[in-house]
Amino acid sequence: MKNNNLTIGILGGFVLGSYLGMLFTQEKREIAKNKIVDNANNLKKMVKHSTNILNDTISEKINSLKNQSQQLKENAIVVIEQEKTKLENIKDINKSVFL
């Protein structure tokens with residue numbers, strides 16, 4: 001999250017700085033317009049890159065959680081089978097004692 005906040009802060013500062021720079025310069029409108037377009041395109045690329053990184057991170061976490069849950073399920077099945085076997089053994093002992 002810190003990286004995302006930092007990225008958003010940097011991007012926001014970049015946009016705000018570009019806008020304020022345009023307000024205080026005496027350049028021709030066409031040059032100013034081109035700078036705004038270039039800055040917007042750069043911002044778009046940065047956001048897309050950040051989004052891709054975020055998507056990759058989320059996908060990795062989801063896959064990790066899926067693997068962990070599958071392992072827990074398999075472990076639970078083994079423990080349940082062991083406990084069933086113990087229960088059957090106790091039943092057999094009880095039968096032999098009471099017969």
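Residue-by-condition table, conditions (1) open to solvent by 100 Å² or more (accessible area, probe 1.4 Å); (2) free of Cβ contacts under 8 Å to residues at least 40 places away in the same chain:
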{"residue": "Thr7", "(1), (2)": "no, no"}
{"residue": "Gly17", "(1), (2)": "no, yes"}
{"residue": "Ile31", "(1), (2)": "no, yes"}
{"residue": "Asn39", "(1), (2)": "no, yes"}
{"residue": "Asp56", "(1), (2)": "no, yes"}
{"residue": "Lys61", "(1), (2)": "yes, yes"}
{"residue": "Gln71", "(1), (2)": "no, yes"}
{"residue": "Ile77", "(1), (2)": "no, yes"}
{"residue": "Lys86", "(1), (2)": "yes, yes"}
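What is the residue count in region 1-54 for residues that are in a helix (DSSP H, G or I) and modelled with pLDDT under 85? Quick ask: steps written out before the conclusion?
Let us first name the residues in region 1-54 that are in a helix (DSSP H, G or I), namely 2-24, 29-54.
Still in the list and also modelled with pLDDT under 85: 2-24, 29-36.
Within region 1-54, residues that are in a helix (DSSP H, G or I) and modelled with pLDDT under 85 number 31.
Of the residues in region 28-49, how many are among the basic types (Lys, Arg) and over 24 Å from Thr7 (Cα atoms)?
Start the filter on region 28-49 by keeping residues that are among the basic types (Lys, Arg), which leaves 28-29, 33, 35, 44-45, 48.
Now drop any that are not over 24 Å from Thr7 (Cα atoms), which leaves 28-29, 33.
Count: 3.
The values are calculated or read from the model by the stated rules, or taken from the named source; none is laboratory data. This is a predicted model, so every value here is computed, not measured. Backbone-built Cβ (ideal geometry, glycine too); neighbour counts: all protein chains shown. Areas reflect the complete protein model, heavy atoms only, side chains present, ligands, DNA and RNA absent. Shrake-Rupley method; radii C 1.70, N 1.55, O 1.52, S 1.80 Å.
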